[in-house]
Structure formats: structure tokens, C-alpha cells
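What follows is calculated from the coordinates using simple rules that are stated; it is not laboratory data. Note that the structure is a prediction, hence the values are computed from the model and not measured. Here Cβ is always computed from backbone atoms with ideal geometry, including for glycine, and neighbour counts include all displayed protein chains.
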């Protein structure tokens, strides 16, 4: 079943992957595997719809330096 989820997750945008990490521990584990395989991060794709001043929070979430973001940017990042 994990392989099926991995296949589905490939079609999500980066910001969606960050958002869906919060669904369950299983999804978080599987989605974190994806981030570990990345060689580079395109912030233009990753932070679509996020004001430039919050990009560092967005990228930090991907790199695992933050679970999510602060309460102010959380609203801005996940509103798509």
C-alpha cells in the first residue's frame, strides 16, 4: 500500500506535499522520504501563492527545519 501512496504523491505540487504531511503519521513518513531524495528545490514552484517574505518559512518546512510555519505564515502558505 505504501508504494501506491508514493505513486499518488508524485503528482502533488511541493506545497501540497508539505500540507499533506499533516494528515497522518504514515503520510508524513512517506512524504518525508520524497524530500530526502531531492537534489534541488525550485522555490518558484514550491512557494506558489506565498508572499516572498514567507518563502524562507516555506523552504524551511521542506528541509525539515520547521514542522510547519509560524501561525501567521501558516495561513498564507496553505491557502491555495
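Take each peptide in 12-19, 25-32, count the other Cβ atoms within 10 Å of every residue, and average; sorted highest first, the result is 12-19, 25-32.
For the pair residue 9 and residue 52, a Förster radius of 35 Å applied to the C-beta separation gives a FRET efficiency near 0.85, rounded to the nearest 0.05. Panel order for 8, 50, 39, by other beta carbons found within 10 Å of each beta carbon, from fewest to most: 39, 8, 50. Rounded to 0.05, the FRET efficiency of the residue 2 and residue 60 pair, given R0 = 25 Å and the Cβ-Cβ distance, is 0.40.
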